[in-house]
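First comes the structure, then the notes that go with it.
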Protein chains: 4
Amino acid sequence: MQKIDESILSEVIQKRPINSYKGNYGRILIIAGSKQFGGAALMSTRAAVNAGAGLVTVATVPEKFTALNVDIPEAMTIDYNNSKDLKEAVLKNNVIVIGPGLGTTENTTDLINILIKNVDKQVIIMDASALTVVSEQNIDLNLFENIILTPHQGEWQRLSGLKIPDQTQENNLKKINSLAPNSLLIVKKHLSEIYYQNKVYQLISGNPGMATGGMGDTLTGIIAAFVGQFDYSLKTVSAALYLHSYIADKIYKKDYVVLPTKLASKIPQTMQKFACSKK
Amino acid sequence: MQKIDESILSEVIQKRPINSYKGNYGRILIIAGSKQFGGAALMSTRAAVNAGAGLVTVATVPEKFTALNVDIPEAMTIDYNNSKDLKEAVLKNNVIVIGPGLGTTENTTDLINILIKNVDKQVIIMDASALTVVSEQNIDLNLFENIILTPHQGEWQRLSGLKIPDQTQENNLKKINSLAPNSLLIVKKHLSEIYYQNKVYQLISGNPGMATGGMGDTLTGIIAAFVGQFDYSLKTVSAALYLHSYIADKIYKKDYVVLPTKLASKIPQTMQKFACSKK
Amino acid sequence: MQKIDESILSEVIQKRPINSYKGNYGRILIIAGSKQFGGAALMSTRAAVNAGAGLVTVATVPEKFTALNVDIPEAMTIDYNNSKDLKEAVLKNNVIVIGPGLGTTENTTDLINILIKNVDKQVIIMDASALTVVSEQNIDLNLFENIILTPHQGEWQRLSGLKIPDQTQENNLKKINSLAPNSLLIVKKHLSEIYYQNKVYQLISGNPGMATGGMGDTLTGIIAAFVGQFDYSLKTVSAALYLHSYIADKIYKKDYVVLPTKLASKIPQTMQKFACSKK
Amino acid sequence: MQKIDESILSEVIQKRPINSYKGNYGRILIIAGSKQFGGAALMSTRAAVNAGAGLVTVATVPEKFTALNVDIPEAMTIDYNNSKDLKEAVLKNNVIVIGPGLGTTENTTDLINILIKNVDKQVIIMDASALTVVSEQNIDLNLFENIILTPHQGEWQRLSGLKIPDQTQENNLKKINSLAPNSLLIVKKHLSEIYYQNKVYQLISGNPGMATGGMGDTLTGIIAAFVGQFDYSLKTVSAALYLHSYIADKIYKKDYVVLPTKLASKIPQTMQKFACSKK
């Protein structure tokens, strides 16, 4: 097992080549939100935009378009219940987040199925309600060629059948290898772990001020932006995870609770600091 | 009668244990808002999130979802006129605020009755319009096992029959003991008082810049977050009350009027200052 | 003619008595906004709240409730096309703004007529579209006992028949004395003038960075808050006018254009500075 | 070919005459946005207001009014599908932006045709989807007397038929002279170029942090404000282009990605700095 430390940030965050345009920095589709859960989609999107994603589209219900426009005008919106539009968006984007604030309804099952039918080599990041639905419906994760799973311990229990005390690194590794050997798994908790191709990485940062709604959605957005503009690798995902808790730790020095919106606002400056520190 | 002073903050605000998650910091349900009064729900929710509540759900009318999503994406929303959803939310949360911006309509009476039917040992915080409706409809407050009442002087007059000049500590104590002996009562005014189990605590801070719409809603949110993450006790509620006016006094040094949104934004930093000052 | 200078601010802005509540600081009703013009209502309301108004209610179209809730949660909202609600609000409030963003439609005429029927001694502040409608419909301004008119030069031309070059202090005074002798008139321009009971006051501050949409709406909100919490007098209105351009001049030192939202955000601090400078 | 450098800012940005009003600083109409693309309209509008435009009206779909009111209350709104209102707005404004976030639908073709029918000597700024529709429908750009085209390289390829490697200054000049000899063309890319009346100007600033959604919309808003308050000339448009990348370069020193909303917020201060540096 390898510990993830600060050095990963300068390793992964590239100084951008001078002659480049937004298409070079990822086309991200975020399938998120529902009538009752609007904030999750907002927080994930805000994080993706602030972490440098070139083009971000949110597939959600039209009732959430106004809030998205106000908070993150940089993102585009489509109605995920228009399956033609959703299908086109799946084909056009190269990183796809599914889950934040979808809720565990039939509609979420339908969205996952549309994704399965239309996805090819895009990287899928599956989070939150989508993970619960996959557990409940026994959906085969191997239908996705490139998939990142980001359960917290409770969601991982539902997915793996492993009770929280049994979620040792050994058991987790075994389990993910049988469930979805090609996937990259992040188990979110105090000192989160990443499993990928028989390697285990572990975070050594983070704090209890992060125990608040929206932290996970924010992480998902950062991962999407990193995969979209750098590459899909264990290192890149680890850097995204590290950046998230690195900023949270800075905020926690002064704030009792780490608010997701504050965390997101500090991403551009923190990334630049590490991009510039490169030799 | 005991004066509440600054020492209560370091006494109550706990440093969080490293290994914890959002479920440890309270599940708060805020039943608030109506077509005409949207801001009260927003201000109460923002305060609860900023004061560290783990999970916050707002039960309101769907017309307010967009404003809530924009301003406090960390909170979830449900429609309080969907009684199945409301009932489930009552069962699932352990601290329930009812009142800010509901208005004194029949609908508010219905919401209180749904709460009465479904509540068990949860802590109820009853504020604003809900208090007026309880007065008008003679609703028995003893139907709630754990209830915090937060009337200002006018609302307390309606509830107790005591005219403002007659609202002495002695009279208030007698009255609350006959009305709802198990409740915790806060009479909001210059130098607010707390009555609980025959004890009286009094605030010795606060300022006239706080005489503006939304101050009470903000207080309600802070109390909910404190009860949710610490405990339900006279000390904890007093600390919430003190924090509110402590921050207001800091702002009032520079600002003629203390705006609720500004007050809320300073909660995380103030809480951390006192959490860290503990031995 | 008297020049208005900085001394008026400490003269008018009172330190608040310690034992006071929001009802002491004015009940302001702002009748403003329409489907197409939402921003004017927002800017006027924000200014009123930031300038210390105790309770602010906005009567507008329901389509604007969400934007009002998001930007100024401290304000309440009612639908001005519900005439029962509007009538009640007119009776209950003691300062009433009418005009910002109403548009010059029949609906605005109806709103003015409801106001005329129900108003008593409240102070009316008439601005923008309401002034144009009054000109076009020849509505008798003497139907209002206490009215403040805030036309810019073009609106004053429509109201008075005086072309801009003919708007000398002498002519303006004569005209307002024949039109509405009890009213207080502000002619907004470079070095704005106030006419009241045969006195003329003139501003000697202000700057061309203020030539931007929303400046007038912001002024209207400040005047309402000042009249609501201090009194209705030439001095108080002059102080409101002075505060507006005083803050604008500070901003203009650094900003090429003075944005209304920035101006409003600086009101609480500026008021406190002058309240505290009193002997 | 001439390089655009910092000196252009003090040359173009005028200190405002003391006695002036908002009508002196341009009447800008921004035809932008659609159900799916709301952010582009917001970013363009915000930039125009912050760059000092006197009066800004946005013609869009009513679904976007709330977001516009919240984010830029200074701007007015109309429904572009009400052709009477749109026609009136075209006649009344002197600078008209068309394109950001319209989408490439039939509706956009209709809007362009209404513009063609009603426009006279107003300056048109054509951007984004409008450019694509013009290419697809072979609309004759010479129907506009004064038109600024702001394609990025891909849009310019569609418009000119020139593949990106063939977009040399010589070829571009030849092509624009045959397509629309009276137009002013900006080809947006690393080191953007401006073509006007056989002159070529080139930007020597800008950075890859600008490769994010909304950068172009922001530029469009600044150009509109500059033309509206200064004049329509190669110099003025060059200054707008320079200001945009000048601020972006300052932000990029600290931020990995240059967010459009942050860029817009810094316009008033940057403009004042250069207005004041004039002799």
What gaps in nm, shortest first, separate C:Lys266 from its twins in the other copies when you place the label 7 Å past Cα toward the beta carbon? 2.1, 2.1, 2.9
Gyration tensor (Cα only) of the range D:117-171 to equivalent ellipsoid, semi-axes in Å sorted down, yields 22, 12, 10
Magnitude of the Cβ-charge dipole of the range B:58-121, K/R +1 and D/E -1, about the Cα centre, nearest 20 debye? 240 debye
Placing a label point 7 Å from Cα toward Cβ, how far apart in nm is C:Lys121 from its equivalents in the other copies, listed shortest first to one decimal? 5.8, 5.8, 8.2
Determine one quarter of the surface area of the Cα convex hull of the protein assembly as shown, which equals its mean projected area, and express it in nm² to one decimal. 43.4 nm²
So if I take the centroid of the Cα atoms in the range A:104-175 and the same for the range D:197-243, what is the distance between those two points in Å? 47 Å
Return the percentage of antiparallel bridges among DSSP beta bridges fully within the protein assembly as shown, rounded to the nearest 5 %. 25 percent
Please report, in debye to the nearest 20, how large the charge dipole of the range D:127-279 is about its Cα centre when each Lys and Arg carries +1 at its beta carbon and each Asp and Glu carries -1 there. 740 debye
Could you work out, residue by residue across C:262-270, how many beta carbons of other chains sit within 10 Å of that residue's beta carbon, and then give the average as an integer? 3
Could you tell me which helices of chain D pass both thresholds, a Cα extent of 24 Å or more along their own axis and a mean Kyte-Doolittle hydropathy of at least -1.0, with helices taken as whole DSSP H runs? D:234-252
At 222 nm, what helix-only mean residue ellipticity would chain D give, in deg cm²/dmol to the nearest 500, using -39500 (n - 2.57) for each DSSP H run of four or more? -13500 deg cm²/dmol
Set the Förster radius R0 to 41 Å, insert the Cβ-Cβ distance between B:Thr105 and B:Ile204 as r into 1/(1 + (r/R0)^6), and round the FRET efficiency to 0.05. 0.65
Compute the label-point distances linking D:Glu145 to its equivalents in the other copies; points lie 7 Å from Cα along Cα→Cβ; give nm, one decimal, shortest first. 5.7, 5.7, 8.0
How large is the dipole of chain B about the Cα centre if only Lys and Arg carry +1 and Asp and Glu carry -1, each at its Cβ, rounded to the nearest 20 debye? 860 debye
Just want the answer: with Cβ charges of +1 for Lys and Arg and -1 for Asp and Glu, which residue in D:Leu203, D:His152, D:Ala75 is farthest toward the dipole's positive end in the range D:2-275? D:Leu203
Give me the percent of DSSP beta bridges within chain A that run antiparallel, rounded to the nearest 5. 25 percent
Using the Karplus equation 6.51 cos²θ - 1.76 cosθ + 1.60 (θ = phi - 60°), what ³J(HN,Hα) coupling, rounded to whole Hz, does each residue of the range D:22-35 give in order, writing x for Gly and Pro? 4, x, 6, 10, x, 10, 10, 10, 10, 8, 7, x, 7, 3
Which of C:Gln167, C:Leu131, C:Gly99, positive extreme of dipole for the range C:90-193 (C-beta unit charges): C:Gln167
Cα convex hull of chain A, projected area averaged across orientations, nm²: 13.7 nm²
Loop GluC sites (Glu not before Pro), the range B:138-188, which have at most 13 other Cβ atoms in a 10 Å radius of their Cβ (DSSP): B:Glu145
Amide H neighbours of C:Lys188 under 5 Å, at least 5 residues apart or on other chains, H built in the peptide plane: list them. C:His152, C:Gln153
Tell me which residues come under 5 Å, amide H to amide H, from A:Val97 once H is placed; ignore anything under 5 positions away on its chain. A:Leu29, A:Ile30, A:Ile31, A:Ile125
Would you please give the residues with an amide H less than 5 Å from that of C:Thr77, counting only those at least 5 places away or on a separate chain, with H modeled from the backbone geometry? B:Gly38, C:Val58
Step through the table entries A:Lys266/D:Lys22; B:Lys35/B:Lys262; A:Lys253/C:Lys253; B:Lys15/B:Lys250; B:Lys87/B:Lys273, compare each Cα-Cα distance with 30 Å, and write down the pairs that go over it. A:Lys266/D:Lys22; A:Lys253/C:Lys253; B:Lys87/B:Lys273
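Bear in mind that the values in this text are calculations on the coordinates, not laboratory data. Small disclaimer: the values here were computed from a predicted structure and weren't measured. Positions of Cβ are backbone-derived with ideal geometry, glycine not excepted, and every protein chain shown enters the neighbour counts.
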